[in-house]
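*Asks:* I'd like to ask you about the structure that follows.
The values are calculated or read from the model by the stated rules, or taken from the named source; none is laboratory data. Everything numeric in this text was worked out from a predicted model, so none of it was measured. So basically every Cβ, Gly included, is an ideal-geometry build from the backbone, and we count neighbours across all protein chains shown. The accessibility values were calculated without ligands, DNA or RNA, using every heavy atom of the protein model including side chains. Shrake-Rupley method; radii C 1.70, N 1.55, O 1.52, S 1.80 Å.
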Amino acid sequence: MVDAGGQADTTASAATESPAQKSDAQWREELTPEEYRVLRQAGTERPYTGEYWDTHTAGVYQCRACGTELFTSNEKFDSHCGWPSFWAPLAEGTVRYIHDRTLGMDRVEVRCAACDSHLGHVFEGEGYGTPTDQRYCINSVSLRLVEKESPDGAPSRT
């Protein structure tokens with residue numbers, strides 16, 4: 001785990017292997033080719049093609065590579081950009097940020113703090129009416145939605 005200052009949290013159990021310590025071969029075995037391309041090689045899925053870009057199901061979005069809870073449906077909003085958009089992560093320290101100057105752009109990459117997998121990018125000041133004025137633009141293939149059940153046991157919709 002990484003704290004808000006970007007330092008490793010050494011209180012985590014040493015008995016379990018950290019997902020970030022997996023070899024490239026292990027990641028290739030565990031992930032589909034598209035998951036590997038996006039999560040481990042910082043690729044991007046095509047807009048409007050991912051499974052969650054237009055989903056309104058209540059639940060928690062986990063990192064597809066390691067299962068860390070990253071975002072919830074409460075912070076998800078319709079940005080009409082073609083990728084799932086959130087105005088904040090689930091909690092401070094669940095994601096980390098890297099200044100990304102690839103492809104001639106100046107932006108901030110978002111990675112899973114637990115396994116260092118690429119999730120997407122965060123943009124600020126775009127004028128969305130969200131509490132943070134931020135848009136976490138996240139690849140669907142980087143996420144797995146765990147649906148929240150309603151009191152009757154059926155999946156609930158937001």
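*Asks:* By accessible area of protein heavy atoms, probe 1.4 Å, what ranking do 148, 76 get, highest first?
*Replies:* Numbers: 148 125, 76 30 Å².
Largest accessible area first, the residues go 148, 76.
*Asks:* While we're on this one: Evaluate the charge dipole of segment 22-133 about its Cα centre and quote only its size in Debye, nearest 20, assuming +1 on the Cβ of each Lys and Arg and -1 on the Cβ of each Asp and Glu.
*Replies:* Numbers: 11 positive and 19 negative charges, 58 e Å.
Its charge dipole is roughly 280 debye.
*Asks:* So how far apart, in nm, are the two label points at residue 147 and residue 80 if each is 7 Å from Cα heading toward Cβ?
*Replies:* 2.8 nm
*Asks:* Expected output is a single nm value to one decimal: the length gained when fully extending between residue 30 and residue 101, i.e. 0.36 nm times separation in residues minus the C-alpha distance. What is it?
*Replies:* Stretched fully, the residue 30-residue 101 segment lengthens by 22.6 nm.
*Asks:* Same structure, new question: Sorted by mean Cβ packing within 10 Å, highest first, what order do the peptides 56-64, 92-100 take?
*Replies:* Going from most to least packed, we get 56-64, 92-100.
*Asks:* Give the residue from 55, 70, 86 lying farthest towards the positive end of the charge dipole for segment 32-158; charges sit on Cβ (+1 for Lys and Arg, -1 for Asp and Glu) and the dipole is referred to the Cα centre.
*Replies:* 70
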